[in-house]
């Protein structure tokens, strides 16, 4: 089977790890994601992963309730390390060699993020989980995903969500919501579509890094994306006009 993308960055939301739970990490979801990742690795894809922290702590929400934004974001970054360690454990139980690299040094549980070392891990077939966002407050894990993807020369960012693509409005609330097959970066920004934060989209646009938004819960979707099948919504320079 021929793969289209040799190196990919998978962005998972923290909320996705909750599964049917209202808080925390679902072992069932971890096992499912690990099995999906294993399929991709066996194709020969080099994979980096960034995980959010919405299942444990969301910085913006904390700040909106009176907490200092920098403190709240630092707590959120630490929460991503917890998710990353959980994912590492699930992957390694499935026989996948994995490294967690943190933007905030904590050498007892992870490696410090060093770009060249991360690239070397990927070349050796190891999955690299990038924890603690960018290491700076005021930047979301969406921005961190695009940044890390650019740094490791990934060919695409796969944003795995709970819906099967990008819609003009919430498909859960509105039955007439329209799904986009393709979008340009400018269309996402102009239409105010909540795919990821504007900083992440703008950063991807600067280097023409494509972003594919797909349903994480659909088995085989990540594999389909790796071999170049149209899954979910593809955001690129060409967009709808392409």
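The values are calculated or read from the model by the stated rules, or taken from the named source; none is laboratory data. Only a predicted model underlies this, so the values are computations on that prediction, with no experimental measurement involved. Here Cβ is always computed from backbone atoms with ideal geometry, including for glycine, and neighbour counts include all displayed protein chains.
Numbers at a glance
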| item | result |
| --- | --- |
| Count of the stretch 212-242 residues which are in contact with a strand residue (DSSP E or B) (Cβ under 8 Å, 6 or more places away or on another chain), free of Cβ contacts under 8 Å to residues at least 60 places away in the same chain and outside any loop (DSSP other than H, G, I, E, B) | 8 |
| Any hit, the stretch 51-65, residues being touching a strand residue (DSSP E or B) at 6+ places or on another chain (Cβ under 8 Å) and surrounded by 19 or more Cβ atoms within 10 Å (Cβ to Cβ) | yes |
| Filtered residues of the stretch 177-211 (kept if within 17 Å of the chain's Cα centre (by Cα), in contact (Cβ under 8 Å) with a residue 24 or more places away in the chain, farther than 10 Å from residue 235 by Cα and not in a helix (DSSP H, G or I)) | 196, 197 |
| Criterion (surrounded by fewer than 21 Cβ atoms within 10 Å (Cβ to Cβ) and either closer than 19 Å to residue 27 by Cα or free of Cβ contacts under 8 Å to residues at least 60 places away in the same chain (or both)) met by exactly one of 98, 80, 119 | 119 |
| 2 or more residues closer than 22 Å to residue 132 by Cβ and modelled with pLDDT of 95 or more: qualifying helices (runs of 4 or more DSSP H) within the stretch 1-100 | 27-42, 69-93 |
| Scope the stretch 111-146; condition part of a loop (DSSP other than H, G, I, E, B) and under 22 Å from residue 72 (Cα atoms); matching residues | 113, 132, 133, 134, 135, 136, 137, 138, 139, 140 |
| Some residue of the stretch 203-219 being over 29 Å from residue 35 (Cα atoms), modelled with pLDDT of 95 or more, surrounded by fewer than 16 Cβ atoms within 10 Å (Cβ to Cβ) and in contact with a helix residue (DSSP H, G or I) (Cβ under 6 Å, 6 or more places away or on another chain) | yes |
